Amino acid sequence: MKTVIVGGVAGGMSAATRLRRLDPHAEIVVLERSGHVSYANCGLPYHLGGVIEDRATLLLQTPESLRARFGLDVRTRHEVVAIDPAAHTVTVVDLDAGEERTESYDHLVLSPGAAPFVPPVPGAARAHTLRNVEDLDHLVAAAGPDTRRAVVAGGGFIGLETAENLHRIGIDVTLVELADQVLAPLDAEMAALVHDELARNGIDLRLGAGVAEVHPDRVGLSDGTEVAADLVVFAIGVRPETSLARLAGLEVGPRGGIVVDDDLRTSAPGVYAVGDAVEKADPLDGGAALVPLANVANRQGRRVADVIAGRPGRARGAQSTAILSVFDLTVACTGWSERRATASGRAVAAIHTHPASHAGYYPGADAMALKLVVDRGTGAILGAQGVGRSGVDKRIDVIATAMAGGVDAAALADLELAYAPAYGSAKDPVNQLGYVAEGRLDGTAPAIGWDELGDTLTAGASLVDVRTAVEHDDGHIPGSINVPVDELRHRLDEIPPGPLVVYCAGGQRAHTAATYLAGIGRDVVNLDGGWATWRTSPACRHAADRPVATT
């Protein structure tokens, strides 16, 4: 049997090599339009910034090495321009020789990936994108010693990585994002931590504006301002590369990706598709999702090889677990944001904590911000986000694994996780999320979010800051009175009558205060995430004109 694979890199090459391991006799042909079939595309921005010094380390395999090890027929600079599903053939153009030929197949696997979106604005041809090795080479050449100023359009993963690495080589960078925050998978209060890190490192962040036109020495923005630029990079996002599939009459779904079933079969017999070009099933609601992540593409490549070889397998959705570094921060997420969950009609509990990366008494502990999004009705984990200097990666991975295994939010408290002072805490940050979730869901530890505080105070509640006087003076929520938790029992006469909202730095001291006040009959709730969450929220920005420190 002959399998033709269109496109290499993560999905295509995983399919090819897995299929070879399963069937030593199969004829496997890989057709790749670019000049490189197997490379570390996630590492491209880091060669730009010199973190990965040797470009050759990004090139994982060559046609020659793949032929020697796996017996694969790999042809780079070969573009498939048409598919005839009825005849089981593809039309291929040898881009170097300019020759066209027909290639037959028994099985066809499409792995064309996703293409960077370039907006149709005047001068867009001057801008660069960063999708493959050829793009990288052009960008490295453009970011030479005479380049002093760059504009990067797009505040997603590639945009942030590109901005950081241009800055790393001494270029002044303006990052332009049409939305009011970077990193759309994050909620606003979590993204604000990334904004702070960008500003701390000298990135000029322009939110709420897009690129309207590109000039030889500057960029015009949609808000009417202009930014000087010797170099322009579009990292606005990617779109599934479906032109070939559409020409062949394959079904394309509502999200713009190729429609596949659980076995990655398209609507045409004998034709499969994997990777960034296909729509995935969201495991939370079964809906179609676009998830352009290398690990998902690799997994699908392996899965499609199993299907072609006749092996049983299991289909899994893609819950969009992702991570990146932004200067000294690690930013990670899995599943849905609170914004998305709320938009879907779910009743949501959002839980914020601010634990240390490991035991506080052991040197080097860093604070992190964690957020858990929970279904109020079922207790199911809908998503999680983390931002911090260390320890974020493993917490998000634990939560992602818990989601895949059907572990609910409260059950996180009972996970037995490795502990030593240099690596974690006896109550790991993941366990702490479980404790908070349990109290929130069973009603023993009621709390409100930063976005509910304003209405709660308007309705007559009083706000009590139970941190120390020094902390309160350094910055507090407007209108709060300060009664430190350790003095609370002796200063009850200072607590106003009526409903109360208590807060501290991250929530733990306020929980102690709230349980005591509830025990003596007061109507009290905790402010989820405390000051640390409120000060990064839109509510704090709206109060920025008040004479209160917010640092």
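The values are calculated or read from the model by the stated rules, or taken from the named source; none is laboratory data. Quick caveat, the model's predicted, so the values are computed rather than measured. Quick reminder, even Gly has a Cβ in these numbers, built from the backbone with ideal geometry, and neighbours come from all protein chains shown. To get the accessible areas, we keep the full protein, side chains included, count just its heavy atoms, and leave off ligands, DNA and RNA. Shrake-Rupley method; radii C 1.70, N 1.55, O 1.52, S 1.80 Å.
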Exception for residue 514 within (1) in contact with a Leu (Cβ under 9 Å, 6 or more places away or on another chain); (2) more than 30 Å from residue 407 (Cα to Cα); (3) small (Gly, Ala, Ser) falls at (2)
So, first residue farther than 14 Å from residue 19 by Cβ in segment 57-74, second residue β-branched (Val, Ile, Thr) and open to solvent by 40 Å² or more (accessible area, probe 1.4 Å), Cβ within less than 8 Å, six or more apart or across chains; the pairs are 58/52
Which condition breaks for residue 295 when tested against (1) surrounded by 16 or more Cβ atoms within 10 Å (Cβ to Cβ); (2) out of contact with any Phe, Trp or Tyr (no Cβ under 8 Å at 6 or more places or on another chain); (3) outside any loop (DSSP other than H, G, I, E, B)?
-> (1)
The helices (runs of 4 or more DSSP H) lying wholly within segment 446-551 that contain at least 2 residues that are within 30 Å of residue 387 (Cα to Cα), free of Cβ contacts under 8 Å to residues at least 24 places away in the same chain and of a type in the set (S, T, N, Q) are none
Evaluate the following for residue 53: is it modelled with pLDDT under 95 and open to solvent by 20 Å² or more (accessible area, probe 1.4 Å)?
-> yes
Tell me which of these residue 120 doesn't satisfy, since it passes every other one: (1) open to solvent by less than 70 Å² (accessible area, probe 1.4 Å); (2) under 20 Å from residue 241 (Cβ atoms); (3) not aliphatic (A, V, I, L, M).
-> (1)
Looking at this structure, is residue 401 more than 25 Å from residue 527 (Cβ to Cβ), free of Cβ contacts under 8 Å to residues at least 24 places away in the same chain and outside any loop (DSSP other than H, G, I, E, B)?
-> yes
Do we find a residue being without any contact (Cβ under 8 Å) to a residue 60 or more places away in the chain and among the polar types (S, T, N, Q) anywhere in segment 194-210?
-> no
Quick one: residue 184 ticks every box in (1) of a type in the set (Gly, Ala, Ser); (2) buried (at least 20 other Cβ atoms within 10 Å of the Cβ); (3) within 18 Å of the chain's Cα centre (by Cα) bar one, so which box is it?
-> (2)
Give segment 369-382 a look and list any residue that's under 22 Å from residue 508 (Cα atoms) and open to solvent by less than 40 Å² (accessible area, probe 1.4 Å), or say none.
-> 369, 370, 371, 372, 373, 374, 379, 381
Of the conditions (1) within 25 Å of the chain's Cα centre (by Cα); (2) among the hydrophobic types (A, V, I, L, M, F, W, C); (3) loosely packed, with under 15 Cβ neighbours inside 10 Å, residue 42 clears all except one; give me its number.
-> (3)
When residues of segment 357-392 are filtered for being out of contact with any Cys (no Cβ under 9 Å at 6 or more places or on another chain), assigned to a strand (DSSP E or B) and either of a type in the set (Ser, Thr, Tyr) or more than 15 Å from residue 533 (Cα to Cα) (or both), how many remain?
-> 4
Residue count for segment 158-199, restricted to those that are of a type in the set (S, T, N, Q) and either part of a loop (DSSP other than H, G, I, E, B) or at positive phi (or both) | 1
Given (1) open to solvent by less than 60 Å² (accessible area, probe 1.4 Å); (2) touching a Leu at 6+ places or on another chain (Cβ under 9 Å); (3) within 18 Å of residue 103 (Cβ to Cβ), residue 58 misses just (3)
Quick one: in segment 308-342, of everything that is touching a strand residue (DSSP E or B) at 6+ places or on another chain (Cβ under 7 Å) and part of a helix (DSSP H, G or I), which residue is farthest from residue 186 (Cα to Cα)?
-> 308
With 318, 273, 349 as the choices, which residue is open to solvent by less than 10 Å² (accessible area, probe 1.4 Å), of a type in the set (Gly, Ala, Ser), modelled with pLDDT of 95 or more and touching a helix residue (DSSP H, G or I) at 6+ places or on another chain (Cβ under 6 Å)?
-> 349
Restricting the search to segment 158-171, which residues are surrounded by fewer than 17 Cβ atoms within 10 Å (Cβ to Cβ) and in contact with a strand residue (DSSP E or B) (Cβ under 6 Å, 6 or more places away or on another chain)?
-> none
Limited to segment 268-312, what total is found for residues that are free of Cβ contacts under 8 Å to residues at least 12 places away in the same chain and among the small types (Gly, Ala, Ser)?
-> 2
Evaluate the following for residue 425: is it in contact (Cβ under 8 Å) with a residue 60 or more places away in the chain, in a loop (DSSP other than H, G, I, E, B), under 29 Å from residue 165 (Cα atoms) and open to solvent by 20 Å² or more (accessible area, probe 1.4 Å)?
-> no
Please indicate, with yes or no, whether at least one residue in segment 136-157 is assigned to a loop (DSSP other than H, G, I, E, B), open to solvent by less than 60 Å² (accessible area, probe 1.4 Å), within 26 Å of residue 37 (Cβ to Cβ) and among the polar types (S, T, N, Q).
-> no
